[in-house]
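Colleague: Mind looking over this structure? Questions follow.
Each reported figure results from applying straightforward, stated rules to the coordinates on display, with no laboratory input. Quantities reported herein were computed from a predicted structural model and do not represent experimental measurements. Cβ coordinates were reconstructed from backbone atoms using ideal geometry, including for glycine residues, and neighbour counts include every protein chain displayed.
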Protein chains: 2
Amino acid sequence: MDKKELLKKFGLNVKFARMKKGVTQEQFAELMGVHPTYIGKIETGRINMSLAKVLELAEVLDVDINKLLYIE
Amino acid sequence: MDKKELLKKFGLNVKFARMKKGVTQEQFAELMGVHPTYIGKIETGRINMSLAKVLELAEVLDVDINKLLYIE
């Protein structure tokens, strides 16, 4: 697995968790205090996020961090 | 869980994986091309690492990235 693939898989985890929570990218962005384009970038694997930032995402999405970090 | 706890748990995952591989912090540092103190910092949760960097660690330690990313 290369870095690109890793980030894509992680991004899909975020996307699925967001969809399960039933919020749009715009709503998620507002909850996170970021620009909506940033959410799009995360979900398409264009952000190399730090572990602490992933924790923030998990808290806002109200999911176990392992759900976001499990790379299939 | 807070950020500190997350990074500590992640650091222990790295430490256990390194010990299972049977390499010292110094040897691991050499394999990673970093200073040994950096390895100590990772293992004690003082580095907020990016996902791509975790992938590098996993490759050098020859473990599945999920072993490093699973937060108990």
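Colleague: How far apart are the A:K41 label points across copies, placing each 7 Å from Cα toward Cβ, in nm, shortest first?
Modeller: Result for A:K41, in nm, nearest copy first: 2.4.
Colleague: While we're looking at this one, here's another question. Using Cβ contacts closer than 10 Å as the measure, can you line up A:D64, A:D2 from fewest to most? Don't jump to the answer; show the numbers that get you there.
Modeller: On the way: A:D64 13, A:D2 10.
By the 10 Å Cβ count, ascending: A:D2, A:D64.
Colleague: State the residue of chain B whose Cβ is nearest the axis carrying B onto A, and the distance in whole angstrom.
Modeller: Closest to the rotation axis on chain B: B:L69, 2.
Colleague: While we're on this one: Taking 2.2 N^0.38 Å as the expected size of a compact globular protein, what ratio does the Cα radius of gyration of the range B:32-72 give against it, to two decimals? Walk me through the numbers on the way to the answer.
Modeller: Values: Rg = 10.1 Å, N = 41, 2.2 N^0.38 = 9.0 Å.
Against the compact-globule rule of thumb, the ratio is 1.12.
Colleague: For the protein assembly as shown, just list the percent of Cα-Cα distances falling in each 5 Å bin from zero outward, please.
Modeller: 2, 10, 20, 23, 17, 13, 8, 4, 2, 0
Colleague: Also, I was wondering about something else. Take the alpha-carbon positions of chain A, form their convex hull, and give its projected area averaged over all directions (one quarter of the hull surface) in nm². Can you show the working numbers first?
Modeller: Numbers: hull surface 16.6 nm².
Reported value for the Cα convex hull: 4.1 nm².
Colleague: Output, in nm with one decimal and in ascending order, the distances from the A:K9 label point to the matching label points of the other copies (7 Å from Cα along Cα-to-Cβ).
Modeller: Listed shortest first, these distances are 2.0 nm.
Colleague: A further question on this structure: Please compare each pair in B:K3/B:K67; A:K15/B:K15; A:K67/B:K53 to a cut-off of 28 Å on the Cα-Cα distance and tell me which ones are over it. Walk me through the intermediate numbers first.
Modeller: Numbers: B:K3/B:K67 19 Å; A:K15/B:K15 31 Å; A:K67/B:K53 19 Å.
Over 28 Å Cα-Cα: A:K15/B:K15.
Colleague: A further question on this structure: First measure r as the distance between the Cβ atoms of A:V60 and A:K8, then evaluate 1/(1 + (r/R0)^6) with R0 = 30 Å and state the FRET efficiency to the nearest 0.05.
Modeller: Working: r = 21 Å, r/R0 = 0.70.
Working from the Cβ atoms, E equals 0.90.
Colleague: Hey, for B:G22 with labels 7 Å out along Cα-Cβ, what do the inter-copy distances come to in nm, ordered shortest first?
Modeller: So the label point of B:G22 gives 5.5 nm to the other copies.
Colleague: For the range B:5-20 and the range A:40-72, compute the distance between their C-alpha centroids and round to whole Å.
Modeller: Distance between centres, Cα-based: 19 Å.
Colleague: Can you sort B:M1, A:M49 so the residue with the fewest Cβ neighbours within 10 Å comes first? Don't skip to the end; give the middle numbers.
Modeller: On the way: B:M1 13, A:M49 19.
The order, fewest Cβ neighbours first, is B:M1, A:M49.
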